[in-house]
Every structure is written in C-alpha cells, then in structure tokens.
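Take a look at the structure set out below.
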Amino acid sequence: MEEQAKKVSLYLECSTTALGRKERMCGYVLEYITGKGPATLVKYREGCGTYNREFLLGLAEALERIKTPCELHIYGQNRFVLCMLRDRLADWAAEDFMSNGKPIVNREEWRRIWEQIQKHQVNIELGEHAYSRWLLTEMEEKCRNYQRTKC
C-alpha cells in the first residue's frame, strides 16, 4: 500500500507592501495536521529590501525548514512572487535564472527557492488567508516594540 504524502500549509505575509527598499518584516506559519490536530511553526524575519525580495527571503527560509517531500500549499498576497513561482520558475531555472540574456532580479533568492520547491507537490493560493490578519497584527506589534533603523 502506497503511503500518502504529508500535507503542509505555508502562510506568508510582509508587514508592508510599500514600493522601494525599506525596513520590513516577513512572517510565516508552517502548519502540518497531525493525528492530535495542527502543529505550527511561526517565524519572523526582519530585512531591508523591496517587498518582493523580503517575501522571497521569507519563502526561502520557510521552505528550507521542510525536511521531507510533501503536498505543499503556499498561501500569500504577493501576486508577483506567487504567480512567477507558479508560472515561470521552472523556465527561469532551465535558463540558469536568466531572462532575455540578463540575470533575473533576486536571482539568488529564486535559486534557493527552486532548490527547495522541486521536492514537493506545490499548490499556490493567492490572496488573504487564515493567518493574514493575525500575522500582520503580530508584526505591527513587534515593530512597535523594537527600535528599528533605517535602510
């Protein structure tokens, strides 16, 4: 009898979607349903970059925590990153993360994600999710409690 793949959900949010390079947080929840109920891991990372770059870094970090192949559902509101992950990542990887003869933006982050994503059966869910408001509220509180520096 064939063993069914484990199902893991990954929920991501960034503290701000503002354009340009700026100080922001990215939070994620990894959720796995066990026989005793959901097991979750919540992490936050601070960075000083664009919305897409910081989202990519959060995604890469979360993916690196998943140690066994699984059915992976990724939820988030970053339309660009999630659509490129779904529609273009395999093509970019085949071209060594080049497009029209030039390296793609955030090439190394995309490469990290590609190395991890190949292990899993991936489904992308774009939009607000079960942890959106909670993650955003938690990041807002963390930002208020920590002294932040400018980029």
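The values are calculated or read from the model by the stated rules, or taken from the named source; none is laboratory data. Everything quoted here is computed from the prediction, not taken from an experiment. Reconstructed Cβ throughout: ideal geometry from the backbone, glycine too, with neighbour counts over all protein chains shown. For the accessible areas, the whole protein counts, side chains as well, though only heavy atoms, and no ligand, DNA or RNA atoms are used. Shrake-Rupley method; radii C 1.70, N 1.55, O 1.52, S 1.80 Å.
Overview of values
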item	result
Options I124, I74; residue that is of a type in the set (V, I, T), in contact with a Lys or Arg (Cβ under 8 Å, 6 or more places away or on another chain) and either surrounded by 15 or more Cβ atoms within 10 Å (Cβ to Cβ) or closer than 24 Å to K6 by Cα (or both)	I124
Among residues of the range 73-91, those that are small (G, A, S) and either closer than 12 Å to W110 by Cα or part of a helix (DSSP H, G or I) (or both), counted	1
Qualifying residue in the range 86-97 (condition: touching a residue at least 40 places away in the same chain (Cβ under 8 Å) and over 12 Å from C26 (Cβ atoms))	no
Boolean, L89 is under 18 Å from Y11 (Cβ atoms) and either of a type in the set (A, V, I, L, M, F, W, C) or open to solvent by 50 Å² or more (accessible area, probe 1.4 Å) (or both)	no
Qualifying residue in the range 26-39 (condition: crowded, with 16+ Cβ neighbours inside 10 Å and touching an Asp or Glu at 6+ places or on another chain (Cβ under 6 Å))	yes
Pair list, Cβ < 6 Å and 6+ apart or interchain, from the range 40-53 residues that are within 24 Å of V105 (Cβ to Cβ) to residues that are in a helix (DSSP H, G or I) and open to solvent by 50 Å² or more (accessible area, probe 1.4 Å)	N52/F80
A60 vs. criteria surrounded by fewer than 18 Cβ atoms within 10 Å (Cβ to Cβ), in a helix (DSSP H, G or I) and in contact with a helix residue (DSSP H, G or I) (Cβ under 7 Å, 6 or more places away or on another chain)	no
Search result, residues across the range 92-143 that are touching a Leu at 6+ places or on another chain (Cβ under 9 Å) and β-branched (V, I, T)	I113, I117, V122, I124
Residue within the range 42-55 that is crowded, with 19+ Cβ neighbours inside 10 Å, hydrophobic (A, V, I, L, M, F, W, C) and within 18 Å of Q118 (Cα to Cα) present	no
Residue in the range 96-104 that is in a helix (DSSP H, G or I), touching a helix residue (DSSP H, G or I) at 6+ places or on another chain (Cβ under 7 Å) and surrounded by 15 or more Cβ atoms within 10 Å (Cβ to Cβ) present	no
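Table: residues versus (1) touching a Gly at 6+ places or on another chain (Cβ under 8 Å); (2) not in a helix (DSSP H, G or I).
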{"residue": "E71", "(1), (2)": "no, yes"}
{"residue": "K119", "(1), (2)": "no, yes"}
{"residue": "R133", "(1), (2)": "no, no"}
{"residue": "M139", "(1), (2)": "yes, no"}
